[in-house]
Every structure is written in C-alpha cells, then in structure tokens.
Amino acid sequence: MTGNSVRKLFLPLLIALALVFTSCSSSVSAAEVNAVAANVNCVCGACDLRLVDCHCDKALEMQATIKKNLGRGQSQEQIIQGMAIQYGQRALVN
C-alpha cells in the first residue's frame, strides 16, 4: 500500500474516533458536572472550597476530569470514589 492509500483508509477512521470522543464529553452539561463537583473538595492546598465554588487551575483540571468521566458513563458515586482514591480523603466533602 502506498502512503496515500493508507491515509485514505485511516483518515475517516480517525475523524470518526475524534467525533465519538468529542461527543461523549460535550454532551455532559455544566449542571451535571456541578452536581458532582458539589461533593468534592478542591485539593489545591490554597483554599477550603468545594470544587464547584473554586476556579483555580487544579479545580478546573478536576472539573474537566469529572466531565470526561461523566461522558464515559461513570456514575456520580464512581467519580467521587475515584477522586478519593486519587487525592485521598481530603477530596471528600464531609
């Protein structure tokens, strides 16, 4: 196979995969992310805020993770437990 024929075969596949991954996370609303983020503490170390109320870089990173995981079909409980595993008990709202 030549380089051009390989591109012709794989380019549509790559575009389709990109659309699938983009549609998974883009279909998640801000309200859905906030519902999870209200139950998680920001772990930046500079504040004592819930993730939903913080806008630091770490909070935005964690919110993006929540959105990605919701888009993958994880439940709120699974995401919160995942945050506790990754960041420790400090991530859990008491």
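Values quoted throughout were computed directly from the atomic coordinates according to the rules given, and no laboratory measurement underlies them. Because the structure is a prediction, the values reported are computed rather than measured.
In this structure, the amide hydrogen of CYS47, modeled 1.01 Å from its nitrogen in the peptide plane, lies closer than 5 angstrom to no residue at least 5 positions away or on a different chain. Rounded to the nearest whole Hz, the Karplus-based 3J(HN,Hα) values (6.51 cos²θ - 1.76 cosθ + 1.60, θ = phi - 60°) of the range 68-78 follow the sequence 4, 5, 4, x, 7, x, 6, 7, 4, 5, 5, with x at glycine and proline. Between amide H atoms placed 1.01 Å from N, distances below 5 Å from ASN41 occur with LEU51, LEU92, VAL93, all of them 5 or more places distant or on a separate chain.
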